[in-house]
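*Asks:* If you scroll down you'll find the structure; I have some questions about it.
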Amino acid sequence: MPVSDAWHHRLADARSSRQQANRWRSRRVMATGALDFAGNDYLGLAQDPRVCEAQAEGARRYGAGAGASHLVSGHVQVHDALEDALARWTGRERALLFSTGYMANLGVLQALAEADTAIFQDRLNHASLLDGATLSGARSRRFHHRDANDLNRLLARSECSHKLVVSDGVFSMDGDVADIAALTRVSQQHRAWLMIDDAHGVGVLGHSGSGCVGTLWGSAEVPVLVGTLGKALGTAGAFVAGDTALIEHITQFARSYVYTTAQPPSIAAATLKALEIVQGEPEHRDHLNTNIAYFRREALQLGLPLSASTTPIQPLLLDSEARTLGWSATLAQHGLQVGAIRPPTVANGAARLRITLSARHTRSDIDRLLDSLKVCQREEARCHAHLHNA
Ligand SMILES: *Cc1c(COP(=O)(O)O)cnc(C)c1O
């Protein structure tokens, strides 16, 4: 590559420092037949023939795309029906669809937060929440992970008239769940609003899969609820749910809602079908939970570095980038796809394999994963013995 000007120098510098740190990310076309332990299709709905058929039928009925934004002429009946169903499911007055979770978080934070606002975020919140806070121009603070005392301390020091506490519901790289009771208590003490991004909780946790907030906590405790549709629901998009005043405000002021083409109606039709399955067929969640319990029991016996997560996100904390890449390469050779998560997605020294489980997996799929993890352990032990003897 000719490195001929200032721009190419910049690109080459960024590449080489990332590569030297073992942090360069490579995109692979998913091998056909590979077993997926990396994705977020926790209930297997992305492959469900009924969901696929609903999408095909939606395209025949409404066309391939929406053709305009929601506020112009892109909002059709199936979008409306999906918003109503999402609101009922999560026990909220209203819900509003976004094209992605990333855009929902940018839009909500930008629409709510102004110069007189202080935003308080859990250290391990998703990148889209951090980016949304930056975009809003509000003051932003981060509290220690799941630490309500630290949050309380920061809130007490703030003199802003409007305070917004923001947390992932299920933490995307750790799989642990926010302490919603503690967050609501501390937020209410300081008259702060609480926003929970339950991207990995909806479909999986709670009553009828409505998430770690859903029907458990109302708009009085959690005024702003975000969920995504590309994970357990198996399709794409996201929603914000809350009371009418909140949803009307976001509809008016969220720029990532107003200035973008509406989600293709066929996707909304597929999501409506997926939601019907999530609510009507609890057996997928039961099977998923059986898989989680089985994997954890066996992995503990092998002495694998499991974390405390009880959700489908089961990270193995390997600490270094090199070790994480080594293990994921071995797993790939065995036909298993697992996420190799490295900084800056996680903190320095916190690299990990991010294993995700799904209702799609059979007992023998999980046994294959465990057998390959045993191989990773053995290879590492051999390597250590070799170093000692040398
Ligand atoms: C995946 C994720 C998002 C982004 O959702 P997309 O629909 O994929 O853009 C937002 N928040 C959290 C916590 C996530 O894990």
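The values are calculated or read from the model by the stated rules, or taken from the named source; none is laboratory data. All of these numbers come straight from a predicted model, not from anything done at the bench. Here Cβ is always computed from backbone atoms with ideal geometry, including for glycine, and neighbour counts include all displayed protein chains.
*Asks:* Go through segment 368-386 and report how many residues are under 22 Å from Arg354 (Cα atoms), out of contact with any Ser or Thr (no Cβ under 8 Å at 6 or more places or on another chain) and free of Cβ contacts under 8 Å to residues at least 60 places away in the same chain. Write out each step before concluding.
*Replies:* Our first condition is that a residue be under 22 Å from Arg354 (Cα atoms); within segment 368-386, this holds for 368-381.
Within this subset, residues satisfying the condition of being out of contact with any Ser or Thr (no Cβ under 8 Å at 6 or more places or on another chain) are 368-371, 373-374, 377-378, 380-381.
Of the ones still in play, those that are also free of Cβ contacts under 8 Å to residues at least 60 places away in the same chain are 371, 378, 380-381.
Summing the residues that are under 22 Å from Arg354 (Cα atoms), out of contact with any Ser or Thr (no Cβ under 8 Å at 6 or more places or on another chain) and free of Cβ contacts under 8 Å to residues at least 60 places away in the same chain in segment 368-386 gives 4.
Residues are listed down the side, and each one gets a yes or a no for (1) touching a Ser or Thr at 6+ places or on another chain (Cβ under 7 Å); (2) closer than 17 Å to Gly237 by Cα; (3) free of Cβ contacts under 8 Å to residues at least 24 places away in the same chain:
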residue	(1), (2), (3)
Asn40	yes, yes, no
Gln47	no, yes, no
Arg50	no, no, no
Gly58	yes, yes, no
His75	no, yes, no
Leu86	no, yes, no
Thr90	yes, yes, no
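*Asks:* Answer yes or no as to whether Glu57 is farther than 30 Å from Ile366 by Cβ and among the acidic types (Asp, Glu).
*Replies:* Working: farther than 30 Å from Ile366 by Cβ: yes; among the acidic types (Asp, Glu): yes.
Here the answer is yes, as Glu57 does meet what is asked.
*Asks:* Looking at (1) modelled with pLDDT of 95 or more; (2) more than 11 Å from the ligand (Cβ to nearest atom), which is the one condition that is false for Asp122?
*Replies:* (2)
*Asks:* Considering only residues that are farther than 16 Å from Ala220 by Cα and surrounded by fewer than 24 Cβ atoms within 10 Å (Cβ to Cβ), look in segment 175-187 and name the one that is farthest from the ligand (Cβ to nearest atom). Step through it out loud before you land on a result.
*Replies:* If we filter segment 175-187 for residues that are farther than 16 Å from Ala220 by Cα, which is where we start, we get 175-179.
So of that shortlist, the ones also surrounded by fewer than 24 Cβ atoms within 10 Å (Cβ to Cβ) come out as 175-177, 179.
Working: Gly175: 11, Asp176: 12, Val177: 12, Asp179: 16 Å.
Across segment 175-187, the extreme among qualifying residues is Asp179.
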